[in-house]
There are 2 protein chains.
Amino acid sequence: MVIDRVLSVDTIDIRFPTSRHRDGSDAMNPFPDYSAAYVVLRTSAGAEGHGFVFTVGRGTEIEVAALRSLAGMVIGQPVDELVADPGSLARRLIGDSQIRWLGPEKGVVHMAAGGLVNAVWDLAARRAGTPLWKFLSALAPEDLVAQIDFRYLRDALTEDEALDLLRSAAAGRAGRERLLLAEGYPAYTTTPGWLGYDDEKLARLCREAVGSGYRLIKLKVGGDLADDVRRLGIARQVVGPDIRIAVDANQIWGVPDAIEWMRALSPFDPYWIEEPTSPDDVLGHAAVRRAVAPVKVATGEHVHNAVMFKQLLQAGAVDVVQIDACRVGGVNENLAILLLAAKFGVPVCPHAGGVGLCELVQHLAMFDFVAVSGSTDERAIEYVDHLHEHFVDPVRIDNGRYLAPTAAGMSAQMLAASLDEYRFPDGRAWAAAPATTATA
Amino acid sequence: MVIDRVLSVDTIDIRFPTSRHRDGSDAMNPFPDYSAAYVVLRTSAGAEGHGFVFTVGRGTEIEVAALRSLAGMVIGQPVDELVADPGSLARRLIGDSQIRWLGPEKGVVHMAAGGLVNAVWDLAARRAGTPLWKFLSALAPEDLVAQIDFRYLRDALTEDEALDLLRSAAAGRAGRERLLLAEGYPAYTTTPGWLGYDDEKLARLCREAVGSGYRLIKLKVGGDLADDVRRLGIARQVVGPDIRIAVDANQIWGVPDAIEWMRALSPFDPYWIEEPTSPDDVLGHAAVRRAVAPVKVATGEHVHNAVMFKQLLQAGAVDVVQIDACRVGGVNENLAILLLAAKFGVPVCPHAGGVGLCELVQHLAMFDFVAVSGSTDERAIEYVDHLHEHFVDPVRIDNGRYLAPTAAGMSAQMLAASLDEYRFPDGRAWAAAPATTATA
């Protein structure tokens, strides 16, 4: 009998010239070109697993180099074993004693491991013929716990505690799955608030967001205080007192700056301040949170692993945990983070946007609802209406909610035509017009 | 007039097959091949700046890819401006809004920035005709402070506090420089303690270390508790009660494991436990420190930036700060870390070993003695007697002390013949015998 194996791992550097219109512009990222180090696992039986690491332009080639280096640990692996236990691959990728020196568990190599691990979960869910959120929700608590590396987490969450959390949620799984399929999962929108947009566009997009059913919108801040006061004032006037407005500084401040700036914005009743300072600064976030309450503190899109999330929770540094599908070591590490958040009773509002982050992370939030936290209270997945047209199974939003995906897999696959056109630097989109991404 | 500019940035993947003899073997790194992503800045006037990122084998190609990506920000730069203000380049390399997504300030891209920044300091000191430690020690406090990015540090250390620290040390600089040139700087040795060595070799190397004048030796632990008890017993018996024995777990434990294991080793009076757990776990180190006192806690070789060192100090998590020359964003960020340690009154005992880490980091420790902390009490630079023969200006050790380097630069330059022989994968050392590094 021929064993089904991973035949090859294709890697593609794909970049979208979003900086031309300043979509995605914030205080730290004035000109992002939303990009991905994209990966396809091809198997001898013909099934594919797709994954990617989201990037913002320059440096995507470094992430692609990392994917290529790690691909050797995937090529030739028996598919049945891989999909039955992606955690085993995750441990090998993340724990490789030589690669580990370049992290450990952070940055370029960790995100590459995550991209490959996610591609294996995509493959697993495709072969099972189910969307990933449902595939995960159907796993037994013991099997989920076995997917997590608890080495550095046990002082905050043990295997037994994780099992207890999952078992208590098991009873209501079926009902919540029906509810999710019927009603979707709450979304919030960042579409109105990019720094590069003028006041008129800001006001119009705020109005449209409320009209589209969103109850929470997000504005970028941190460029200039007077601008922020004006922009937040416009937004508050447009949306009224009952719509929540989160603000996002994208790490621009030190701790004292964050506190001072947020005091100046407090008259506009901001709901949370996101990334007030370095994502590494657990104690700094805790200090900001103490100073700006009742404004909440949110972070996570750049929090590089579960050890950091553990400490943010232990230190009481965050009110909102923002998981990201592409920052940590894949689905497995996000399982750990969801369980940590549940243990500490902190809601998860995933980071999304970019390219494909909405498509991926919805599966994790929906799994959390069905099988972990069991709740959507105080929770919403970020939504940005960019670049979904490049995906085979794009997210579907209705009345401010994500509809549950029903296609098999993790919704990671991009259209072949898009991969062709935006491949860097030889795709048509780049051959025609060299962009900021091409030059340092 | 022709302006002197950086003409090119050469990058070389260089690997030494150290795993063949298990030199450097520890609980997390059973088979390291000491390696470097090596970089040479070539200038139109002919001067060169050398730097590198230390790695341990597989993945060095990823680090080389990162150096190549960042090199564009260095090529063409006027040399006078670069060497007068390396901090400006450091900010551009670390702050680049697209590259930053891959960190920020951590892992592959941050180390690449550090390698380039260090090469600029090497170039600066060479052009001045002085060793880097002396070059740095001669800078005015204002000029040193201007080299540091304080954005995320001000809640622990302000510019004014840094100035005060440097000004109070300024008075004694000349005297300490003479003392350093006369007596050198204390070293400790890790040579005896690699996990892959048998008991007889351990005992012999411990005996030799004491005979060579070392007052502190270090043993790797964390593989097997019974082995560690036996090995530490042998070492303690050989060296007697007055020689300090540090132990190093290389991150193998979680917090509860670390506490339990160190209690079992306490009868042998370990001096410090190094890397008891994840380098990201500030709160975990603090918990371990509280539990294992009076055994000290040390970490730093994998602490990825100054924000993390800041928190380790704020949380009272470490007794010993172990800076590394190649982990953070170069000399500039290490200036910040030295000042943070001085502010908190915690001694710095640099991590070294590998290939070339001793050569680089001695400059930082000696600068710290002359111009920052003003002390060598409770301080020592790690020393391992591997691979120094590949350097143009290798470290010189005498009676357990580093002698101050006198050649111009940062001692980073490897011999051309060594670069030829160990270049991966086409150097003679690799063409002849494929090694663990070549296959995942």
Mind checking which of A:V361, A:N399, A:P279 is farthest towards the positive end of chain A's charge dipole, using Cβ charges of +1 (Lys, Arg) and -1 (Asp, Glu) about the Cα centre? A:N399
Report the Cα centroid-to-centroid distance between segment A:175-213 and segment A:401-425 in angstrom, as an integer. 21
Modelled label-to-label distance, B:R207 and A:D377, 7 Å Cα→beta-carbon offset: nm? 7.1
Farthest towards the positive end of the dipole of segment A:200-285, among A:G223, A:F268, A:V238 and with Cβ unit charges of +1 on Lys and Arg and -1 on Asp and Glu, lies the Cα of A:V238
Rounded to 5, percent antiparallel among DSSP beta bridges of the protein assembly as shown: 55
Spelling out what I want: for every residue of segment A:341-347, take phi, set θ = phi - 60°, compute 6.51 cos²θ - 1.76 cosθ + 1.60 (Karplus), and round to whole Hz; glycine and proline get x. 4, 5, 4, 8, x, 9, x
With Cα coordinates, the longest principal axis of chain A makes an angle with the long axis of helix A:60-71, in degrees rounded to 10, of 30
What number comes out for accessible area per residue over segment B:166-417 if the probe is 1.4 Å? Units Å², please. 30
Tabulate in residue order the Karplus-calculated ³J(HN,Hα) for segment B:76-84, using 6.51 cos²θ - 1.76 cosθ + 1.60 with θ = phi - 60°, rounded to whole Hz; enter x for Gly and Pro. x, 5, x, 5, 4, 5, 4, 6, 6
Would you calculate, for chain A, the mean residue ellipticity at 222 nm contributed by helices, counting each DSSP H stretch of 4 or more residues as -39,500 (n - 2.57) and dividing by all residues, to the nearest 500? -12000 deg cm²/dmol
Accessible surface buried upon B-A contact (total; probe 1.4 Å; Å², nearest 100): 5300
For B:R5, which sequence-distant residues (separation of 5 or more, or a different chain) have an amide H within less than 5 Å of its own amide H, given hydrogens modelled in the peptide plane? B:S44, B:A45, B:V79
Name the chain B residue with the Cβ nearest the axis that maps B onto A: which is it, and what is the distance in angstrom? B:G107, 1
Phi-based couplings in Hz for segment B:179-188 (Karplus 6.51, -1.76, 1.60; Gly and Pro marked x): 4, 4, 5, 7, 10, x, 10, x, 10, 10
Cα-Cα pairs of chain B separated by more than 37 Å (percent): 19
Any idea what the dipole of the protein assembly as shown comes to, in debye rounded to 20, about its Cα centre with Lys/Arg Cβ at +1 and Asp/Glu Cβ at -1? 280
Volume per residue that the Cα convex hull of segment B:166-417 spans, once the total is divided by residue count, Å³: 123
Quick one: if the Förster radius is 51 Å, what FRET efficiency do A:E81 and B:R396 give, using the C-beta to C-beta distance and rounding to 0.05? 0.45
Identify the residues of segment B:377-405 with backbone N under 16 Å of a label point that sits 7 angstrom from the Cα of B:L181 along the Cα-to-Cβ direction, or state none. B:403-405
Given 4 °C and 1.567 mPa s, how large is the Stokes-Einstein diffusion coefficient of segment B:40-127 in µm²/s, with Rh as the Kirkwood radius over Cα pairs? 99
In a solvent-free Debye calculation with one equal scatterer on each Cα, what is log10 I(q)/I(0) for segment B:106-247 at q = 0.10, 0.13, 0.16 Å⁻¹, listed in the order of the q values? -0.62, -0.89, -0.97
Put a point 7 Å out from Cα along the line to Cβ at A:G196; what are the distances to that point in the other copies, in nm, shortest first? 5.0
Using a 10 Å cut-off on Cβ to Cβ distances, tally the other chain neighbours for every residue of A:89-102 and report the average as a whole number. 6
Compute the label-point distances linking A:A146 to its equivalents in the other copies; points lie 7 Å from Cα along Cα→Cβ; give nm, one decimal, shortest first. 6.3
Rank these by accessible area, largest first, 1.4 Å probe: A:D248, A:D377. A:D377, A:D248
Pull up all non-local amide H partners of A:I381: gap of 5 or more, or a different chain, and H-to-H distance under 5 Å with H placed in the peptide plane. A:A187, A:Y188
How large is the dipole of segment B:6-131 about the Cα centre if only Lys and Arg carry +1 and Asp and Glu carry -1, each at its Cβ, rounded to the nearest 20 debye? 120
Let me know the charge dipole size of chain B about its Cα centre in debye, to the nearest 20, where only the beta-carbon of Lys, Arg (+1) and Asp, Glu (-1) is charged. 260
Counting only DSSP beta bridges with both residues in segment A:166-417, what percent are antiparallel, rounded to the nearest 5? 20
With Rh as the Kirkwood radius over Cα pairs, the protein assembly as shown has Rg/Rh of 0.96
How many angstrom lie between the C-alpha centres of segment B:273-306 and segment B:1-52? 29
Here the correct list, in nm and shortest first, of distances from B:Q237 to the same site in the other copies, label points 7 Å along Cα→Cβ, is 8.4
Specify the angular offset, from 0 to 90 degrees and rounded to the nearest 10, of the alpha carbon long axis of helix B:86-95 from the longest principal axis of the alpha carbons in chain B. 70
Once the Cα atoms of helix A:282-292 and of chain A are each reduced to a long axis, what angle between those two axes, in degrees from 0 to 90 to the nearest 10, is obtained? 30
Among beta bridges that DSSP assigns inside chain A, antiparallel share in %, nearest 5: 55
Could you sort out which of A:K220/A:K296; B:K218/B:K343; A:K106/A:K218; B:K106/B:K296; B:K220/B:K296 sit more than 18 Å apart by Cα distance in this structure? B:K218/B:K343; A:K106/A:K218; B:K106/B:K296
Which whole number gives the average, over all residues in A:109-121, of C-beta atoms from other chains lying within 10 Å of the residue C-beta? 1
With all protein chains modelled, accessible area of A:E389 [1.4 Å, Å²]: 120
Sulfur and carbon atoms: percent of accessible area, segment A:6-131 [1.4 Å]: 50
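The values are calculated or read from the model by the stated rules, or taken from the named source; none is laboratory data. These figures come from a predicted structure and were not determined experimentally. Positions of Cβ are generated from backbone atoms using ideal geometry, with glycine treated the same way; all protein chains shown enter the neighbour counts. We work out accessible area using only protein heavy atoms, side chains counted, and drop any ligands, DNA or RNA first. Shrake-Rupley method; radii C 1.70, N 1.55, O 1.52, S 1.80 Å.
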